[in-house]
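The values are calculated or read from the model by the stated rules, or taken from the named source; none is laboratory data. These numbers were taken from a predicted model, which means no experiment stands behind them. Please note: Cβ atoms are built from the backbone with ideal geometry, for glycine as well, and neighbour counts cover all protein chains shown. Protein only, heavy atoms only, side chains kept; ligands, DNA and RNA dropped before computing areas. Shrake-Rupley method; radii C 1.70, N 1.55, O 1.52, S 1.80 Å.
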Amino acid sequence: MSASAPKVGFVSLGCPKALVDSEQIITQLRAEGYDISPSYNDADLVVVNTCGFIDSAVQESLDAIGEALAENGKVIVTGCLGSKGDGDFVRDIHPKVLAVTGAHARDEVMSHVHNHLPKPHDPFIDLVPPAGVKLTPQHYAYLKISEGCNHRCSFCIIPSMRGDLDSRPIHDVLREAENLAKAGVKELLVISQDTSAYGVDVKYKTGFHNGRPVKTRMTELCQELGKLGIWTRLHYVYPYPSVDEVIPLMAEGTLLPYLDIPFQHANQRILKLMKRPANAENVLRRLEKWRSICPDIAIRSTFIVGFPGETEAEFNELLDFLDEAQLDRVGCFTYSPVEGATANDLPDHIDPELAEERKARFMERQAAISAAKLQAKIGREFTVLVDEVVEEGAVARTYADAPEIDGQVFIDAPQAGVKAGDFIKVRITDADEYDLWADQIA
């Protein structure tokens with residue numbers, strides 16, 4: 001790239017879905033000849049991809065916009081926060097921004113970039129690899145299969161920001177997955193707002209990949225991804241009956257035996273107030289069934305405590321559910337009133353201090369469960385994926401651990417030549433509540 005190429009700074013905030021949006025914008029920028037600047041000072045303008053889901057994320061996004069304006073002065077805002085008030089929410093606080101778009105708006109962002117920083121040359125010149133530009137390490141990548149969501153959970157405003165379910169054509173998804181595998185990616189993390197609903201909006205229409213008919217549906221997608229010979233991990237899966245179909249794929253090794261299912265609560269009244277499609281007794285029965293088919297399956301979930309009206313008895317019911325469900329990885333959030341969420345209108349909001357106290361009790365209960373599960377792995381052998389090699393040794397993950405949100409495996413003395421992206425075999429030697437320690441074996 002010549003020294004005269006225009007430079008764009010980029011700040012990416014929010015969830016993995018937003019990260020994929022950032023990757024798509026950066027890929028287009030590079031394809032059109034723009035350089036990506038690592039600093040405000042060297043950039044000709046800055047794009048800030050925002051999050052607007054909870055209050056702390058809104059503030060982080062507003063602070064990032066303010067910092068970019070102070071350090072650079074020319075800022076285009078995109079992402080979920082940009083959807084609030086058709087952009088007026090951001091403009092009212094930061095009137096000097098050049099433009100504001102909503103989420104998943106690559107073409108609109110590029111149009112604004114062109115207006116303020118003309119593109120340097122013909123966009124058809126190939127300056128990027130087929131897999132595009134990724135913001136993750138080279139050995140794993142997020143594969144976004146759809147946008148939006150048809151659910152109307154009372155605590156969530158994602159549909160108002162990203163719209164209803166919009167499934168990507170299956171041939172596009174599989175082509176991207178193949179390109180990522182060819183580029184050296186060893187793990188695909190399948191993401192969306194609702195992975196198990198993939199294809200519902202297009203009535204599971206049949207597409208074509210490499211000349212073969214393939215249904216636009218989660219099960220068929222997983223079958224095809226399993227042919228790539230790399231790890232495939234499912235995130236953001238609602239517990240629909242169709243999820244049962246992918247468990248045998250996990251048992252046979254086509255998919256990683258890992259499911260990320262946000263149960264959110266266990267009490268039926270609270271779930272109804274949340275407008276969540278779940279029932280605790282049904283969940284427990286299905287967990288038992290899944291484990292009978294695939295004994296090593298790892299279940300990750302997230303929960304909300306302190307939801308409006310949650311009683312002490314209902315919270316204790318959630319703790320009892322943890323004891324029965326024996327989930328492998330769990331995250332917990334206190335309820336946060338998000339502007340525009342219908343749950344804000346519910347009565348009997350919980351005092352924030354009480355909500356935090358419940359969160360602490362919840363995590364203490366789950367920590368004991370997690371510790372016992374990891375202790376049971378001592379002495380067992382696993383294939384792990386190395387994330388990094390540092391002076392102290394190697395840091396890796398088992399099939400049961402997604403990057404950044406789950407646990408890690410620390411290897412004190414890896415063999416010479418081990419590097420990030422390698423699959424190696426280890427024997428577990430120690431464990432705590434969340435992480436494992438291991439020795440590499442031949």
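Miscellaneous remarks
- For the residues ARG212, ARG285, the requirement of being of a type outside the set (Phe, Trp, Tyr) and at pLDDT below 90 singles out ARG212.
- Within the option set GLY421, GLY379, being open to solvent by less than 10 Å² (accessible area, probe 1.4 Å), assigned to a loop (DSSP other than H, G, I, E, B) and at positive phi holds for one residue only, GLY421.
- All positions within the stretch 216-264 that are at positive phi and either more than 19 Å from the chain's Cα centre (by Cα) or at pLDDT 95 or above (or both): GLY229, GLY253
- Qualifying residue in the stretch 348-358 (condition: of a type in the set (A, V, I, L, M, F, W, C) and closer than 19 Å to ILE297 by Cβ): no
- Qualifying residue in the stretch 27-39 (condition: among the aliphatic types (A, V, I, L, M), surrounded by 23 or more Cβ atoms within 10 Å (Cβ to Cβ) and under 24 Å from PRO137 (Cβ atoms)): yes
- Checked against (1) farther than 17 Å from VAL330 by Cβ; (2) open to solvent by 50 Å² or more (accessible area, probe 1.4 Å); (3) not hydroxyl-bearing (Ser, Thr, Tyr), ARG291 passes all but condition (1).
- Inter-residue pairs, beta-carbon under 8 Å, first more than 13 Å from MET161 (Cα to Cα) and in the stretch 47-66, second acidic (Asp, Glu) and open to solvent by less than 70 Å² (accessible area, probe 1.4 Å), 6+ apart: ASN49/ASP21
- Matching residues, the stretch 389-418, being part of a loop (DSSP other than H, G, I, E, B) and among the charged types (D, E, K, R): GLU391, GLU392, ASP401, GLU404, ASP406, ASP412
- Of all the criteria given as (1) more than 30 Å from ALA313 (Cα to Cα); (2) of a type outside the set (Gly, Ala, Ser); (3) in contact (Cβ under 8 Å) with a residue 40 or more places away in the chain, the one not satisfied by ILE411 is (3).
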